[in-house]
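Inspection log for the structure reproduced underneath, given as structure tokens.
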Amino acid sequence: MRGAKTVAIRTAGFPQPAHHMSSFPERVFSGVQSTGNLHLGNYLGAIVKFVELQKTHDCLYCVVDLHAITVPQDPLTLRDNTREIAAAFIACGIDPKKNIVFNQSQVPEHAELAWVLNCIARIGWLNRMTQFKDKAGKDRENASIGLYDYPVLMAADILIYRATHVPVGEDQKQHLELARDIAQKFNNDFAESISRNGFGEAFFPLPEPLISGPATRVMSLRDGSKKMSKSDASEYSRINLSDDAEQIAQKIRKAKTDPEPLPSEEKGLEGRAEAANLVGIFAALSGREKTGVLAEYGGANFSTFKNALVDLAVEKLSPITAEMRKITANHDYIDTVLRDGAERARALANENMKAVKDIVGFLR
Ligand code: TYM
């Protein structure tokens, strides 16, 4: 039965009464930034999982435009990028009727809860976030406060729905750990009020990251030590979901490799980042494990393997690209989907925000 499963929350580290286990109905939340250049890493690391989870769970999938403006965005491009991500969700197979698909800025409770959580999260916790360090680079003094606070807003995205499971790529793991810490500290700091208001032992679940499969960290096609990213200056570093068959083929053929043939076992990929990456991509696109792929292609040279990968990638991605183009062109349709999704999301968010206000002690 949908929504009836429950998940036990861990409460290690904080003093808890003996009957400390609380349970929450399972709910999935995840987000993708509306910053353009949606790529194979986003698809294999996240969106493929979104599509899978809709079969078993109640899911909310959000285009996070509030996160996008943590770095400067051109207003007209931002709108189109938001539509493009929503179109990609649908083109990849997410059903916007069955799930809630929306853009973050249409649900003000995300930002509202983020403020409360800003007062829970500690500066020391945020100072440990490696993504901020990477993105801010050397000129940290000049980064926006939004960029620094980004992970707290992310925690609010998840917790405003009391979501229990969050499918993401490997790079978001640290942010998910922070979200759990924030949830736990809120539950702990307000334990008495949470109980007084009838919410039992804990108001927020500790959200579980779902990070699995052969492509949780897809690397740049030009440099196996760098992750595939929207902001890499080289177009050849990534396959965009908007690329046509010719572009996909060119990028794969130009992908960096080494002179050795492929190994027949996974151990043989150690120290061969580029080879490991292409094998991981192949495995994920074909719904297999790396071991299976290597059993088939072990001993083959890269030109053979790349040809097979081109065929596979084009076969899997071209229908998505075509569908995405069709949907992206229909602004009215996308805008209606997002508005409808936002309305349904707001109904849930508003209930939980009211509860937070009661717990924290705000009059309403
Ligand atoms: P974003 O927009 O950078 O990326 C969207 C999703 O794609 C995953 N991803 C990758 N997976 C594998 N290999 C890669 N090279 C790769 N690059 C990106 C990301 O892990 C992510 O799952 N902070 C998030 C957006 C967000 C969010 C949230 C996610 C905001 N609020 C709440 C979950 C829950 C981000 O920047 O994603």
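Checking every residue in segment 242-265 against the condition of being open to solvent by less than 40 Å² (accessible area, probe 1.4 Å), outside any helix (DSSP H, G or I) and farther than 25 Å from Ala295 by Cα gives at least one match.
The residue that is most open to solvent (accessible area, probe 1.4 Å), counting only those in segment 117-166 that are of a type in the set (Val, Ile, Thr) and part of a helix (DSSP H, G or I), is Ile145.
Across segment 78-107, what is the total count of residues that are in a loop (DSSP other than H, G, I, E, B) and free of Cβ contacts under 8 Å to residues at least 40 places away in the same chain?
Pass one, segment 78-107, residues in a loop (DSSP other than H, G, I, E, B): 92-99, 107.
From what's left, free of Cβ contacts under 8 Å to residues at least 40 places away in the same chain: 97.
So the count comes out to 1.
Does any residue of segment 230-239 turn out to be in a loop (DSSP other than H, G, I, E, B), within 15 Å of the ligand (Cβ to nearest atom) and over 20 Å from Glu170 (Cβ atoms)?
Let us first name the residues in segment 230-239 that are in a loop (DSSP other than H, G, I, E, B), namely 230-234, 238-239.
So of that shortlist, the ones also within 15 Å of the ligand (Cβ to nearest atom) come out as 230-232, 234, 238-239.
Of the ones still in play, those that are also over 20 Å from Glu170 (Cβ atoms) are 234.
So far as segment 230-239 goes, yes, one or more of its residues are in a loop (DSSP other than H, G, I, E, B), within 15 Å of the ligand (Cβ to nearest atom) and over 20 Å from Glu170 (Cβ atoms).
Please determine whether any residue of segment 86-94 is more than 10 Å from the ligand (Cβ to nearest atom), open to solvent by 10 Å² or more (accessible area, probe 1.4 Å) and within 15 Å of Leu338 (Cα to Cα). Yes, that holds for at least one residue. Within the option set Ala114, Ala163, Ala183, being near the ligand (Cβ under 10 Å from one of its atoms) and among the aliphatic types (A, V, I, L, M) holds for one residue only, Ala163.
When the residues of segment 20-63 are narrowed to those that are aromatic (Phe, Trp, Tyr) and either open to solvent by 10 Å² or more (accessible area, probe 1.4 Å) or not in a helix (DSSP H, G or I) (or both), which ends up farthest from the ligand (Cβ to nearest atom)? I'd like the intermediate steps shown before the answer.
Quick first cut of segment 20-63, residues aromatic (Phe, Trp, Tyr) only: 24, 29, 43, 50, 61.
Filter once more, keeping what is either open to solvent by 10 Å² or more (accessible area, probe 1.4 Å) or not in a helix (DSSP H, G or I) (or both): 24, 29, 43, 61.
Numbers: Phe24: 16, Phe29: 6, Tyr43: 8, Tyr61: 10 Å.
It comes out as Phe24.
Tallying residues that are more than 16 Å from Asp311 (Cα to Cα) and part of a helix (DSSP H, G or I) within segment 266-294 yields 13.
All but one of (1) more than 18 Å from Ala345 (Cα to Cα); (2) among the acidic types (Asp, Glu); (3) touching a helix residue (DSSP H, G or I) at 6+ places or on another chain (Cβ under 8 Å) hold for Asp139, so report the exception by its number. Among (1) more than 18 Å from Ala345 (Cα to Cα); (2) among the acidic types (Asp, Glu); (3) touching a helix residue (DSSP H, G or I) at 6+ places or on another chain (Cβ under 8 Å), Asp139 violates only (3). Restricted to segment 64-77, and to residues there that are open to solvent by less than 30 Å² (accessible area, probe 1.4 Å) and assigned to a helix (DSSP H, G or I), the residue that is nearest to Ser231 (Cα to Cα) is Ala68.
Summed over segment 292-318, residues that are loosely packed, with under 15 Cβ neighbours inside 10 Å and in contact (Cβ under 8 Å) with a residue 40 or more places away in the chain total 2.
Which ones in segment 47-77 are free of Cβ contacts under 8 Å to residues at least 60 places away in the same chain and β-branched (Val, Ile, Thr)? Those that are free of Cβ contacts under 8 Å to residues at least 60 places away in the same chain and β-branched (Val, Ile, Thr): Ile47, Val51, Thr56, Thr77.
The values are calculated or read from the model by the stated rules, or taken from the named source; none is laboratory data. Quick caveat: nothing in here was measured; it's all calculated off a predicted structure. Glycine gets a Cβ as well: all are built from the backbone with ideal geometry, and neighbour counts include every protein chain shown. These accessible areas exclude ligands, DNA and RNA; they are computed on the full protein's heavy atoms, side chains included. Shrake-Rupley method; radii C 1.70, N 1.55, O 1.52, S 1.80 Å.
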